[in-house]
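Asker: Quick one: structure below, then a few questions.
The values are calculated or read from the model by the stated rules, or taken from the named source; none is laboratory data. The shown structure was predicted, so the numbers you read here are calculated from the model rather than taken from an experiment. Using ideal geometry, Cβ is built from the backbone for each residue, glycine included, and neighbour counts are taken over all protein chains shown. Ligands, DNA and RNA are excluded from the accessible area calculation, which covers all protein heavy atoms including side chains. Shrake-Rupley method; radii C 1.70, N 1.55, O 1.52, S 1.80 Å.
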Amino acid sequence: MTDLILDARGLTKRYDQFLALKDVELTLGEHEIHALIGPNGAGKSTAFGILAGDLRATAGSVAYRGRDITRMAAWRRTRLGMARSFQIARVFTRFTVEENVRAAVLAAQRKSWIFFRPEGSIETGPQTEQLLGEAGLAPLRGVLASGLSQGDRKRLEIAMALALEPEVLLLDEPTAGMSPVETTATVRLIRRLWEERGCAVLITEHDMSVVFELAQRITVLHRGQVLRSGSPEAISADPTVREVYLGSGDDA
Ligand SMILES: Nc1ncnc2c1ncn2[C@@H]1O[C@H](COP(=O)(O)OP(=O)(O)OP(=O)(O)O)[C@@H](O)[C@H]1O
Ligand SMILES: [Mg+2]
């Protein structure tokens, strides 16, 4: 294993009586695409929330390049180089696609987006153009985010995360709700980001074709615990994984 960017140990999350995560170990290597899979309610988004700093773990630790960030606020983690997308995309619905990307570029430049002017007195143009192009959103630049399809909205969210020039991308179900065409475009986008920007990617996904197309390593969560972690080949051949998840007959 190459050097670890993210190293989470003993992650536990309790909601009253309910243990959503129990002693989960999760790592992300340099320039790795690691998929976290598991049935609905397995704890994937909870683990993401803890890694991103949106949720406080009941127990356990998270290290970023060897530095303990367990109690670090989410916005500080983004400055370290972590960016995320949410299961339900979070964008400024009353802004156009271009305005959203430009706002993200401004925020990344540590200027508050309240200084944002649609005419653009601050130099954000080249980076905004690059991100729009990269995410395949240039033709939609003038469309209000509220009017986007689910797929385009999720791609917009990825473009906004990229404005941070992250080393680590946390993508929670990036293709959820997408058509097959949108899914293919998104897989291509993630692969390109990984190749060209050298990001490490932690992704949750229910679509197994996406998982097996992208991931170099897969961790299976089941009822808040790691069931297995290994190569795609090992995971797809694992009888226990097949029984509880892959072979369950539904695609959840
Ligand atoms: N705020 C909360 N309070 C109580 N229980 C919660 C809370 N958030 C999540 N849970 C529970 O924790 C468990 C794990 O939820 P989580 O959202 O992490 O699952 P998931 O693997 O992301 O599922 P999905 O595939 O449906 O997105 C679920 O049983 C969920 O109901
Ligand atoms: Mg989830």
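Asker: If you only keep lysine pairs separated by 8 or more in sequence, or across chains, how many in the chain come under 28 Å at the Cα atoms?
Answerer: The number of close lysine pairs in the chain is 6.
Asker: Take every DSSP beta bridge whose two residues both sit in the chain, then give the antiparallel share in percent to the nearest 5.
Answerer: 55 percent
Asker: Next question, about the same structure. Quick one: what are the phi-derived ³J(HN,Hα) couplings along segment 6-18, Karplus 6.51/-1.76/1.60 with θ = phi - 60°, whole Hz, x for glycine and proline?
Answerer: Those phi angles translate into 10, 9, 10, 10, x, 5, 9, 9, 10, 10, 6, 7, 8 Hz.
Asker: Roughly speaking, what % of Cα-Cα pairs in segment 4-246 are separated by over 30 Å, rounded to a whole number?
Answerer: Summing the P(r) tail past 30 Å for segment 4-246 gives 25 percent.
Asker: Which one, Pro166, Ala63, Leu144, is farthest towards the positive end of the dipole of the chain when Lys and Arg carry +1 and Asp and Glu -1 on their Cβ?
Answerer: Farthest along the dipole direction, towards plus: Ala63.
Asker: Where nothing but the Cβ of Lys and Arg (+1) and of Asp and Glu (-1) is charged, how large is the charge dipole of the chain around its Cα centre, in debye to the nearest 20?
Answerer: The dipole of the chain has a size of about 920 debye.
Asker: DSSP beta bridges in segment 120-252, what fraction antiparallel, as a percent rounded to 5? Working shown, then result.
Answerer: Details: 5 of 10 bridges.
The antiparallel proportion sits near 50 percent.
Asker: Further, regarding this structure: Which order do Asp16, Asp23, Asp7, Asp207 take by accessible area at a 1.4 Å probe, largest first?
Answerer: From most exposed to least exposed: Asp16, Asp23, Asp207, Asp7.
Asker: How many percent of the accessible area of segment 146-252 is carbon or sulfur, using a 1.4 Å probe?
Answerer: Carbon-and-sulfur percentage of accessible area, whole number: 48.
Asker: With an 8 Å cut-off on Cα pairs and a minimum separation of 6 or more residues, tell me the relative contact order of segment 4-246 in percent.
Answerer: The normalised contact order for segment 4-246 reaches 27 percent.
Asker: Per residue, how large is the accessible surface of the chain? Use a 1.4 angstrom probe and give square angstrom.
Answerer: 47 Å²
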